[in-house]
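For reference, the structure is listed below as structure tokens.
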Amino acid sequence: MDTYSQSSVFNRLAAGLLAATSLSVLAIPAQAGTNSPVRWNSGGAVWTTSSNDFETFLSTGETNLDRALDQGIDRSGWSADEIQQGMTKTYDVDVIDVTRFLYSDDGVVFLKNQTKSYFPYWKMTDTAVQGLRAAIIADSADGSISSQGIMANLPVAFRLADTCSTYDGSQNVCADGKCQGDAQCTSLLSWYVFLPACVQANQLAPRWIYGGKTTGQTSSNDLSSYSSSPIRGLW
């Protein structure tokens, strides 16, 4: 086996082990690929958009008359075509660098910030960091990530909570200076569009001899120093 193949196998094994570590703390039966990636929770009402509905939309552009998905698109600040293109766009990453970031102190802050109103349906914010981290790492194992891939790897059902004064249904879209208007900068589907680019921009560069100075890290929500600006290429 050549060096590249050995490295690829190691990366996949490491990603699997670290994703499993995140899953183990969810304290409920879980596996990647939940059938309920978004349960729109407004007050006492819950409307579920299934993984099949999202797959249909992302492959064909059709929403199957899913009222909640239609509303999510309408309130995203983007057209349906833009959401479809944005969520299927892929970004090159290194699973070890992504994992290093997501387990760092800055990475935990990032994950907490990115699960403001969107988190596991049952355990909510108690397992939000672990759930989102597991999905991102699992999708990174093949060297690329996308919004569609992260969603497909969510280990449990997630809800978007808009419950009176507790949660307001808005997300911290990690796109300072890139999103325009309240909808683009707070909606769930816009958040999904920008998430993989933010992960790519924040992944940590390799450390020399485990523990040397890390280079190439940006702050959790600031993409201004990322020279290739992956978000700009979409629109």
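The values are calculated or read from the model by the stated rules, or taken from the named source; none is laboratory data. Just so we're clear, the structure is a prediction, and the values are computed from it rather than from any experiment. Every residue, glycine as well, gets a Cβ built from its backbone with ideal geometry; the counts of neighbours run over all protein chains shown. Remember, those area values only see protein heavy atoms, side chains included, never the ligands or the DNA or RNA. Shrake-Rupley method; radii C 1.70, N 1.55, O 1.52, S 1.80 Å.
Quick one: is LYS116 more than 17 Å from VAL38 (Cβ to Cβ), modelled with pLDDT of 95 or more and basic (Lys, Arg)? Spelling it out, it is not the case that LYS116 is more than 17 Å from VAL38 (Cβ to Cβ), modelled with pLDDT of 95 or more and basic (Lys, Arg). Quick check: is even one residue across the range 145-163 modelled with pLDDT under 95 and surrounded by fewer than 18 Cβ atoms within 10 Å (Cβ to Cβ)? Checking the range 145-163: at least one residue is modelled with pLDDT under 95 and surrounded by fewer than 18 Cβ atoms within 10 Å (Cβ to Cβ). For the range 41-69, a tally of residues being open to solvent by 40 Å² or more (accessible area, probe 1.4 Å) and among the aromatic types (Phe, Trp, Tyr) returns 1. Would you check if there is a residue in the range 129-138 being free of Cβ contacts under 8 Å to residues at least 40 places away in the same chain, in a helix (DSSP H, G or I) and small (Gly, Ala, Ser)? Checking the range 129-138: not a single residue is free of Cβ contacts under 8 Å to residues at least 40 places away in the same chain, in a helix (DSSP H, G or I) and small (Gly, Ala, Ser).
Name every residue in the range 164-182 that is open to solvent by 40 Å² or more (accessible area, probe 1.4 Å) and farther than 30 Å from ASP94 by Cβ, in order of residue number.
Of all residues in the range 164-182, those open to solvent by 40 Å² or more (accessible area, probe 1.4 Å) come to 164-168, 172, 176-178, 180-182.
The answer is CYS164, SER165, THR166, TYR167, ASP168, GLN180, GLY181, ASP182.
Condition first: more than 15 Å from the chain's Cα centre (by Cα) and hydroxyl-bearing (Ser, Thr, Tyr). Can you find one or more residues in the range 135-158 that meet it? So far as the range 135-158 goes, no, none of its residues is more than 15 Å from the chain's Cα centre (by Cα) and hydroxyl-bearing (Ser, Thr, Tyr). Residues that are open to solvent by 40 Å² or more (accessible area, probe 1.4 Å) and of a type in the set (Asp, Glu) were ranked within the range 89-137; the one that is nearest to SER170 (Cα to Cα) is ASP126. For the range 135-168, the set of residues classified as at positive phi and out of contact with any helix residue (DSSP H, G or I) (no Cβ under 8 Å at 6 or more places or on another chain) consists of CYS164 only.
Residues satisfying the criterion are absent from the range 43-59 (criterion: small (Gly, Ala, Ser), modelled with pLDDT of 95 or more and closer than 22 Å to VAL173 by Cβ). Within the range 95-116, the residues that satisfy the criterion of being touching a residue at least 60 places away in the same chain (Cβ under 8 Å) and in a loop (DSSP other than H, G, I, E, B) are SER104, GLN114.
Mind listing just one residue for me: the one in the range 61-92 that is at pLDDT 95 or above and β-branched (Val, Ile, Thr) and, of those, farthest from GLN184 (Cα to Cα)? Going through the qualifying residues, I end up with THR90.
Flag: LEU204 matches the condition of being buried (at least 21 other Cβ atoms within 10 Å of the Cβ), modelled with pLDDT under 95 and either part of a helix (DSSP H, G or I) or on the phi < 0 side of the Ramachandran plot (or both). Scanning the range 183-197 for residues that are in contact (Cβ under 8 Å) with a residue 24 or more places away in the chain and either open to solvent by 20 Å² or more (accessible area, probe 1.4 Å) or among the acidic types (Asp, Glu) (or both) yields ALA183, GLN184, CYS185. Whether any residue in the range 92-109 is touching a strand residue (DSSP E or B) at 6+ places or on another chain (Cβ under 6 Å) and within 16 Å of ILE137 (Cβ to Cβ) is what I want to check. Yes.
The one condition from (1) in contact with a strand residue (DSSP E or B) (Cβ under 8 Å, 6 or more places away or on another chain); (2) within 18 Å of THR34 (Cβ to Cβ) that TRP122 does not meet is (1).
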